[in-house]
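A.B. asks: Shown below is the structure under consideration.
No value in this document is a laboratory result; all are computed from the given coordinates. Not measured: the values here are computed from a predicted model. Cβ coordinates were reconstructed from backbone atoms using ideal geometry, including for glycine residues, and neighbour counts include every protein chain displayed.
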Amino acid sequence: MPTTAPISGVLTPNITPVDSAGRVDEGKLRGYVDWLIDKGVDGLYPNGSTGEFVRFTPEERRRIVEIVVDQTAGRVPILAGAAEANVKETIAACDAYGAMGVRAVAIVAPFYYRLSDQGVYAYFRQIAQTVSVDVTLYNIPLFASPISVDTVVRLASECPRVIGIKDSSGDLPNMMRMISQIRPLREDFSFLTGWDAALVPMLVAGADGGTNATSGVVPELTHAIHRAVVGGDIDRAMKLQYQLLPLFDAMISIGEFPEGFRAGARSRGWDLGPGRVPLSDSQKDAVAAAQRQIDDLVREFVEADSPVMPHDTIDKIVQQVMSQLKI
């Protein structure tokens, strides 16, 4: 079994910057990586859902990881998204990223075709028995075949290379079931939540950390949440969670995912370009309207020089955003 410490803390599933021609903006990506690390993120997660991995070519995905690894230069660990459309290409991506020096890879369960539990198990088992890098499972049932608790337990028991799971379902009881069954068997196994709205409850329940899109906008706040839980200050952690929640809700509700998080990044001075999915005129108008509101919300946070945002201000702004978007 691997003896390294579990992956922990908040890792940022970074947005992929693109230029006006829709190409990966390598210079801006390097700058954004430096900014995130300077703001205290515990790791980076290129080629995640927030990074729109399915909208880039395999060659672009490898270049994105190469840039992030090079710019990070060992300052924080990297969990690289390595999912491809079939098991052979996924294994090749895993080995390529492992050779680049990532801490581990994250692999979403097969998407498009829904597989049974046995199919999901066989898929990950073949990968884990073949690759030369540690693997984290990525459960996001909204977009891919779900990974059941029994399957996670089985893979953790049989495959030393499977060293953790990123769960974006937001299902707290399922996370608790996994932790209760796997932790006695594998102290090295990492439990990471990808659902920002439940970050504190997941951490309190025993998760090691999260891969949270809001950390690409307010890394100071997600960092403070994690440290408050680790330090045993749950009251403070919950206050911070309730500050994070409306911002997360606002950003995830704007346009096509992850357009709202691009808007949030712009509020911090990072224009990371447009996504690769066209927006209708009405969507563009909604994003523009919401941008102004998110700017105000984030400005209050930054000017306060504190990881706590004014609750009344956030509540008012989010209500305005939701009204404008007719949500």
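A.B. asks: Rounded to the nearest 10 degrees, what's the angle between the helix 87-100 long axis and the longest principal axis of the chain, both from Cα atoms, 0 to 90?
C.D. replies: 70 degrees
A.B. asks: Follow-up question, since we're still on this one. According to a simple spin-label model (label point 7 Å from Cα along Cα-to-Cβ), what is the distance in nm between ASP285 and GLU59?
C.D. replies: It works out to 4.0 nm between the two label points.
A.B. asks: With Rg and the Kirkwood Rh both taken from Cα atoms, where does Rg over Rh land for the range 115-237? Intermediate values should be presented prior to the final figure.
C.D. replies: Details: Rg = 14.7 Å, Rh = 15.0 Å.
When Rh is taken as the Kirkwood radius, the ratio is 0.99.
A.B. asks: How much mean residue ellipticity at 222 nm does the chain get from its helices, if each DSSP H run of length 4 or more adds -39500 (n - 2.57) and you divide by all residues, to the nearest 500 deg cm²/dmol?
C.D. replies: One gets -15500 deg cm²/dmol as the mean residue ellipticity at 222 nm.
A.B. asks: Continuing with this model, one more query. Sorting check: for 159-169, 116-126, which peptide has the highest mean count of neighbouring beta carbons within 10 Å, and how do the rest follow?
C.D. replies: 159-169, 116-126
A.B. asks: Please state the relative contact order of the chain as a whole percent: Cα pairs under 8 Å, 6+ residues apart?
C.D. replies: 17 percent
A.B. asks: Amide H of VAL10: which non-local residues (sequence gap of 5 or more, or other chain) have their own amide H closer than 5 Å, using H built in the peptide plane?
C.D. replies: Amide H neighbours of VAL10: ASP42, GLY210.
A.B. asks: Tell me which aspartates and glutamates have Cα within less than 19 Å of LYS166's Cα, excluding those fewer than 8 residues away on the same chain?
C.D. replies: Straight-line reach from LYS166, under 19 Å: ASP42, GLU52, GLU84, ASP117, ASP134, ASP150, GLU158, GLU187, ASP188, ASP196, ASP208.
A.B. asks: Turning to a different aspect of this structure: Roughly how many nanometres apart are two label points built 7 Å out from the Cα toward the Cβ at GLN118 and LEU185?
C.D. replies: 2.0 nm
A.B. asks: Continuing with the same structure: Using the Karplus equation 6.51 cos²θ - 1.76 cosθ + 1.60 (θ = phi - 60°), what ³J(HN,Hα) coupling, rounded to whole Hz, does each residue of the range 113-124 give in order, writing x for Gly and Pro?
C.D. replies: For the range 113-124, the Karplus-derived couplings read 7, 7, 9, 6, 4, 5, x, 5, 4, 4, 4, 5 Hz, x marking Gly and Pro.
A.B. asks: Along the range 25-39, what does the Karplus equation 6.51 cos²θ - 1.76 cosθ + 1.60 (θ = phi - 60°) give for ³J(HN,Hα), rounded to whole Hz, x for Gly and Pro?
C.D. replies: Using θ = phi - 60°, the values come out as 8, 5, x, 5, 4, 5, x, 5, 4, 4, 5, 4, 5, 4, 7 Hz.
A.B. asks: Mind ordering 74-83, 224-233 by average Cβ neighbours within 10 Å, highest first? Mind showing how you got there, number by number?
C.D. replies: Numbers: 74-83: 22.7, 224-233: 18.5.
For the peptides 74-83, 224-233, the packing ranking is 74-83, 224-233.
A.B. asks: I'd like the orientation of helix 311-325 relative to the chain: the angle between its Cα long axis and the longest Cα principal axis, in ° from 0 to 90, rounded to 10.
C.D. replies: In the chain, helix 311-325 runs at an angle near 90 degrees to the longest axis.
A.B. asks: For the chain, what is the largest minus smallest coordinate of the Cα atoms on each principal axis, given in angstrom and ordered from greatest to least?
C.D. replies: 50, 47, 37
A.B. asks: May I ask for the distance between the Cα centers of the range 141-163 and the range 1-38, given as a whole number of Å?
C.D. replies: 25 Å
A.B. asks: Give me the extension gain from GLU158 to ARG177: residue separation times 0.36 nm, minus the current Cα-Cα distance, reported in nm with one decimal. Don't skip to the end; give the middle numbers.
C.D. replies: Numbers: separation 19, 0.36 × 19 = 6.84 nm, distance 1.81 nm.
Extra length available between GLU158 and ARG177 comes to 5.0 nm.
A.B. asks: Taking the Cα-to-Cβ direction at ASP150 and at ASP296 and moving 7 Å from each Cα, how far apart do the two end points lie in nm?
C.D. replies: 5.2 nm
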